[in-house]
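Single-structure report; data block below.
The values are calculated or read from the model by the stated rules, or taken from the named source; none is laboratory data. Just so we're clear, the structure is a prediction, and the values are computed from it rather than from any experiment. In this analysis, Cβ positions are derived from the backbone assuming ideal geometry, glycine residues included, and neighbour counts consider all displayed protein chains. SASA here: full protein model, heavy atoms, side chains in, ligands and nucleic acids out. Shrake-Rupley method; radii C 1.70, N 1.55, O 1.52, S 1.80 Å.
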Amino acid sequence: MGIRQSARRILSRLTASKSAGAQSPAVPADDLLVAGLRAGDPEAVESLLARYEARIYRLALGITRNSADAEEVCQDVFLNVFRNIEGFEGKSSLGTWIYRIATNAALMKVRGKSRSLEVPWDEVLPRFSQEGSHLTPVPDWSKDPEAALLQTELRTVLGQALEDLPGEYRAVVLLRDVEGLPTDEAANALGLTVPALKARLHRGRLFLRGRLGEYAETHGRPTPKGTAE
Amino acid sequence: MITCREMVDLLSDYVDGDLEPMVARQLAAHLRGCTDCTAFLRTFKGTQALVREAACEEMPEELKVRLRDFLRSNLQRGRSRSTN
Ligand SMILES: [Zn+2]
């Protein structure tokens, strides 16, 4: 069946689904879903959207940090998926394929308005003595029970830190730590080797922890050392 | 003997369960004797938890409707260009 014909069936389903009401679609396996999409099966279309739209929106919003951009990314991604499903070769899972399209689309948005600032890694990465010990004591601000306010503030700080992280790093952190993609799938989605992905992930995580720590150490009331638990 | 620097370098692999069991055991041993690295690990994991929490924004319903509208009209345009 030609792409045009699939698209037509998808189209008719999208029109029909409005009146069909909110039936919760079954959850078919990837290959069934792909076959369904290729055949223009109406339920496969709604299934795909139901399964991925919220995740893709979350990822796009996380990378672009802007809801209008995230919406455009979602539109581009699913239009792409429906138009190109014939070309999906199944070398990666359907999810990874969609995540790759989405990551690329979202990163394009970010690159368009890149602030081209050098990241001051040295200021946020941990520092060590010559012997390799921590240069300064490390306070534990992770769960001071009285620091609910601090946790709220940390969310704001985290938002800014995520914004300051280059898009390529942000995408890695989001794919791994929010979407929960395994390392190899995240690497595949970003077109990176596994070691390159791991290096970027580690740096991104350290950056975010560093920025939160910076704030917590100056604004929080860290648990005095030696008395924790 | 693992240093704090090596500990931090291996931290992502450690929390992701990607280390050789031998190395993971060495790290665990270092953690037992090092409050700084223990605090570092906790705040590292705490950061991951905050990131997860910060990113779990729901997709607004009206956006889902608009997405379907968009797809319908764009797939339609593709069709009318070629057949109508
Ligand atoms: Zn240590």
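For region B:1-22, the set of residues classified as within 15 Å of the ligand (Cβ to nearest atom) and assigned to a helix (DSSP H, G or I) consists of B:Cys4, B:Arg5, B:Glu6, B:Met7, B:Val8, B:Asp9, B:Leu11, B:Tyr14, listed by residue number. Open to solvent by 60 Å² or more (accessible area, probe 1.4 Å), outside the structural domain of A:Arg211 (by TED's automatic domain parsing) and modelled with pLDDT of 95 or more - does that describe any residue in region A:105-117? No; the residues of region A:105-117 include none that is open to solvent by 60 Å² or more (accessible area, probe 1.4 Å), outside the structural domain of A:Arg211 (by TED's automatic domain parsing) and modelled with pLDDT of 95 or more. Of the residues making up region B:29-65, those that are open to solvent by 30 Å² or more (accessible area, probe 1.4 Å), more than 16 Å from the ligand (Cβ to nearest atom) and in a helix (DSSP H, G or I) number 8. In region A:37-68, how many residues are out of contact with any Gly (no Cβ under 9 Å at 6 or more places or on another chain) and open to solvent by less than 20 Å² (accessible area, probe 1.4 Å)? Final tally of qualifying residues: 9. Select from region B:6-28 the residues that are open to solvent by 50 Å² or more (accessible area, probe 1.4 Å) and either over 23 Å from the mean Cα position of the chain (by Cα) or more than 19 Å from A:Gly132 (Cα to Cα) (or both) and list them in ascending order. Scanning region B:6-28 gives B:Gly17, B:Asp18, B:Glu20, B:Pro21, B:Met22, B:Arg25, B:Gln26. Look at region B:33-56: where a residue is over 17 Å from A:Arg211 (Cβ atoms) and within 7 Å of chain A (Cβ to nearest Cβ) and a partner is assigned to a helix (DSSP H, G or I) and open to solvent by less than 20 Å² (accessible area, probe 1.4 Å), sitting 6+ places away or on another chain with Cβ atoms under 8 Å, you get B:Asp36/B:Cys4.
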